[in-house]
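Have a look at the structure below before the remarks.
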Amino acid sequence: MKKMTWLATAALASVLTASAVNAAPAPKDPKRHTPQGLYATAEETMEMMKKDPKVILVDVRTPAEWQFVGYTDMAQIMIPSVFFKYDGLDEKKPRYRSVVNANFVSEFEEKIADLDADEESTYVIMCRSGATRAQPAAKMLSQYGFKNVYIMTDGFEGGKVKEGDHKGFRLKSGWKVNGYPWTYKINKEKAYVEKN
């Protein structure tokens, strides 16, 4: 009996240690923190997906980004967390106005049902650079009981270089910069089609 208890304790410690290895630090800006408190870099996400094929990568960028910037076919779910509206500009940022995808959670639940996943499954949410859209998506999912939701802290394109000839370019880490699989060819089976 003692041997079984020791083995169970060792197995649990091993799982907890493996999980801790895949944990990026929380973003410095508290506004980018999620209720789940789970963060992973693109590199850590790739490791997680290799170790556990049930980890689900969710791309919450827009269809325009998928088409013109690229996407990874490794993302099992592609649903924008926001839409950009071209009827006006954002009051705080030099970009078009964005509105939350009011159907995000219901569309997400439809997709996970197709994947035989649920609230207990592990998800990694990816946006362009790692929080502006991933964080609100994680927050929405938290309100519906999804606890194992990571945000990819460096996103698909990564962060901006702060110095040198490439200052302002998104060349710092991220899925694409790390050389992970991506393409411009949209997979018809995964493509997001806006419902009217």
Remind me, relative contact order of the chain in percent, using alpha carbon pairs under 8 angstrom and six or more residues apart?
24 percent
Taking the Cα centre of the chain as origin, work out the dipole magnitude from +1 charges on Lys and Arg Cβ and -1 charges on Asp and Glu Cβ, in debye rounded to 20.
620 debye
Computed over the range 131-196: relative contact order in percent, which uses C-alpha pairs under 8 Å that are six or more apart
21 percent
Proxy reagent accessibility, fewest Cβ within 10 Å first, across S121, S129:
S121, S129
Cα-based Rg of the range 2-172 normalised by 2.2 N^0.38 Å, two decimals
1.14
DSSP-loop chymotrypsin sites (Phe, Trp or Tyr not before Pro) across the range 118-196, with at most 11 other Cβ within 10 angstrom:
Y144, Y184
Rg/Rg_ref, the range 93-196, where Rg_ref = 2.2 N^0.38 Å and atoms are Cα
1.22
Extension gain from K160 to E47, taking 0.36 nm per residue of separation minus the Cα-Cα distance:
38.3 nm
What longest region of the chain stays clear of GluC sites (Glu not before Pro) that DSSP places outside H, G, I, E and B and that have at most 11 other Cβ atoms within 10 Å?
1-90
M49, M126 arranged by Cβ crowding within 10 Å, fewest neighbours leading
M49, M126
Once Rh for the range 56-147 is found with the Kirkwood sum over Cα pairs, what is the Stokes-Einstein diffusion coefficient at 25 °C and 0.890 mPa s, in µm²/s?
178 µm²/s
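None of the figures in this text is laboratory data; all of them are computed from the coordinates on show. Please read these numbers as outputs of a predicted model, since none were measured by experiment. We place every Cβ from the backbone using ideal geometry, glycine too, and count neighbours over all the protein chains shown.
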